[in-house]
Amino acid sequence: MRTLKQYQFLLIYLFLILTSSTAVFAQVRKNAQSLPKLLSVREQQAVREAWLRKRLDTMLLPMMRQQKIEMWIVTNEEFHADPVTEYIAPPLPYNGRRDFFIFADRGGDKLDRLALVRYPEEALKRFFEVLNPPGRDITATLRRIVEERKPKTIALNMGGTRGATNGLTHDAYKYLSETLGPDYTSRFVSAAPLIVEYMDTRLPEELEHYRTAVELTEILTLRAFSNEVITPGKTTVGDVRWWFLQQVNNAGLSVWFQPDLRIQRQNQATGKTQQFLSVAPESDVIQRGDVIHIDCGLNYLGLSTDWQKMGYVLREGEKDAPEGLKKALTNTNRLQDALFAHIKPGAKGFEVYDATMNDMKQVGIEAMIYSHSVGNQGHALGASVDFRRPTAGAPVEPPFREGSYTSIELNTTTAVPEWGGQKVTIMMEDDAYLTRDGMKWFRPRQTAFYLIK
């Protein structure tokens, strides 16, 4: 028979176990087989079309007026889709030789939406007046559309600093210029500011779906950095990479870049590529005592995640990472906290960078920040906090917008006593969103190493 005091002790012991960071991650890993429920292809299309309707019905016209744009022509070519197309039209394959999506401000609350396309899709007709002339009549039809509306400015997807704002090809520009003539060519302007605002403005309806995408990324990462995938001394970097890619494929999704792994090992220098630790070769075998890192992301519902996590491969007899490594990880958490303290709606990236790095200097933490917008792309349009452009100047980026998503990507480097003072870099990347009260994580951030037994 246990005494009351023994039961009390047992309850306290269980509480301490359940509330410790290591135990929390162990519990998450235990439940990691339960992947979040994803929408079917048909359901995904319906959700994305609902988002598109809201954007076109309520957002686009005010944004065009804000940017003094009277007409916006998005040109989509076969084998060269404009990155913007799937966000201004139903997310379908468009395989016409050259299709045009035209938005024209007609005054009041009227925005003309015309699709001049080779293949008229049923879904397209729910959003546009669809024109489908024979190929030989496309040029005349496009000229008539513009001449009837006589826009003072015609925005084209060119002239930005990022690929997502420069979808117009040289040949498409020549075609538009020759079709519309010198007068209208002189009215061409860059659509880049409009595209940035449009793509960086998140809908409230997107948030929980994006959280699902982040949760899936987290679970796959937890599984990748576990004994389900890794057997110390046998498993290679390539084994982990291809396992991750296969799981994403099994879920019916895709990645926007292939997952990278890095290894830091006691008494062995890790190479650098530019300012960053080099990616480990696929043939490298993961060994006990290794500090391992993964950088990965996936696409779901036209949204992309970006995610980096740290693991430690336990040596024989170890039950946790050495204290020096745990302190190194905590330093990166402190950097995250400092960055969060300075990101507010309206803040500019270089201001946030300067304030955060000053905080780190005060506490003696060696830090690096390269955070960026995330959303419709993994490296999306929007505000960034980046050591490569920490001061005002080109490229000019927008301030932080309430509701926007940011990939909090950064690292700290710390000398580890158990490794003879060797420095270890802890790289983290977590997706977050900006509220009126500041940044919030989509999923709880990593506060302890993922442990591989």
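For the reader, a short list of remarks on this structure follows.
- Of all residues in the stretch 174-195, those that are farther than 29 Å from Gly382 by Cα have Cβ atoms under 7 Å from Cβ atoms of residues that are in a helix (DSSP H, G or I) and β-branched (Val, Ile, Thr), 6 or more apart or on another chain, in Ser177/Thr185; Thr179/Thr139; Leu180/Val146; Tyr184/Val146.
- Those residues of the stretch 198-214 which are under 15 Å from Leu39 (Cα atoms) and acidic (Asp, Glu), in sequence order: Glu205, Glu206, Glu208
- Taken over the stretch 425-453, residues that are crowded, with 21+ Cβ neighbours inside 10 Å, within 23 Å of Gly289 (Cα to Cα) and not aromatic (Phe, Trp, Tyr) amount to 7.
- Subset of the stretch 192-238 that is over 30 Å from Arg53 (Cβ atoms) and among the small types (Gly, Ala, Ser) - its residue that is surrounded by the fewest Cβ atoms within 10 Å (Cβ to Cβ): Gly233
- For first residues located in the stretch 105-128 and within 22 Å of Glu77 (Cβ to Cβ) and part of a loop (DSSP other than H, G, I, E, B), partners that are among the polar types (S, T, N, Q) and modelled with pLDDT of 95 or more and lie 6+ apart or on another chain with Cβ distances below 9 Å form the pairs Val117/Asn76.
- Any hit, the stretch 79-94, residues being under 20 Å from Lys110 (Cα atoms), surrounded by fewer than 17 Cβ atoms within 10 Å (Cβ to Cβ) and small (Gly, Ala, Ser): no
- Odd one out for Leu156, checked against (1) of a type in the set (A, V, I, L, M, F, W, C); (2) surrounded by 17 or more Cβ atoms within 10 Å (Cβ to Cβ); (3) out of contact with any Phe, Trp or Tyr (no Cβ under 7 Å at 6 or more places or on another chain): (3)
- Residue within the stretch 378-385 that is assigned to a loop (DSSP other than H, G, I, E, B), surrounded by 15 or more Cβ atoms within 10 Å (Cβ to Cβ) and of a type in the set (Val, Ile, Thr) present: no
- Screening Pro345 with (1) in contact with a helix residue (DSSP H, G or I) (Cβ under 7 Å, 6 or more places away or on another chain); (2) part of a loop (DSSP other than H, G, I, E, B); (3) surrounded by fewer than 24 Cβ atoms within 10 Å (Cβ to Cβ) gives one miss only, at (1).
- Candidates Ser407, Ser373, filtered to the one that is out of contact with any Leu (no Cβ under 9 Å at 6 or more places or on another chain) and either among the polar types (S, T, N, Q) or in contact (Cβ under 8 Å) with a residue 40 or more places away in the chain (or both): Ser407
- Restricting attention to the stretch 305-320 and to residues that are of a type outside the set (Asp, Glu) and out of contact with any helix residue (DSSP H, G or I) (no Cβ under 8 Å at 6 or more places or on another chain), the residue that is surrounded by the fewest Cβ atoms within 10 Å (Cβ to Cβ) turns out to be Gly317.
- Number of the condition not met by Thr139 [criteria: (1) under 25 Å from Phe79 (Cβ atoms); (2) under 33 Å from the mean Cα position of the chain (by Cα)]: (2)
To keep it simple, each residue is scored yes or no on (1) within 16 Å of Asp82 (Cα to Cα); (2) of a type in the set (Phe, Trp, Tyr); (3) at pLDDT below 95.
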residue	(1), (2), (3)
Leu111	no, no, no
Leu116	yes, no, no
Arg144	no, no, no
Thr161	yes, no, yes
His170	yes, no, no
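- Some residue of the stretch 2-20 being modelled with pLDDT under 95, among the charged types (D, E, K, R), part of a loop (DSSP other than H, G, I, E, B) and in contact with a helix residue (DSSP H, G or I) (Cβ under 9 Å, 6 or more places away or on another chain): yes
Condition check ((1) surrounded by 14 or more Cβ atoms within 10 Å (Cβ to Cβ); (2) touching a Gly at 6+ places or on another chain (Cβ under 9 Å); (3) modelled with pLDDT of 95 or more; (4) assigned to a helix (DSSP H, G or I)) across all residues:
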{"residue": "Arg29", "(1), (2), (3), (4)": "yes, no, no, yes"}
{"residue": "Leu35", "(1), (2), (3), (4)": "yes, no, no, no"}
{"residue": "Arg42", "(1), (2), (3), (4)": "no, no, yes, yes"}
{"residue": "Arg53", "(1), (2), (3), (4)": "no, no, yes, yes"}
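Rundown of residues vs (1) outside any loop (DSSP other than H, G, I, E, B); (2) under 24 Å from Gly317 (Cα atoms); (3) outside the structural domain of Gln264 (by TED's automatic domain parsing); (4) touching an Asp or Glu at 6+ places or on another chain (Cβ under 9 Å), yes/no style:
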{"site": "Leu410", "(1), (2), (3), (4)": "yes, no, no, yes"}
{"site": "Thr414", "(1), (2), (3), (4)": "yes, no, no, yes"}
{"site": "Glu418", "(1), (2), (3), (4)": "yes, yes, no, yes"}
{"site": "Lys423", "(1), (2), (3), (4)": "yes, yes, no, yes"}
{"site": "Glu429", "(1), (2), (3), (4)": "yes, no, no, yes"}
{"site": "Arg443", "(1), (2), (3), (4)": "no, no, no, yes"}
{"site": "Ala448", "(1), (2), (3), (4)": "no, yes, no, yes"}
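The values are calculated or read from the model by the stated rules, or taken from the named source; none is laboratory data. Quick caveat, the model's predicted, so the values are computed rather than measured. Every residue, glycine as well, gets a Cβ built from its backbone with ideal geometry; the counts of neighbours run over all protein chains shown.
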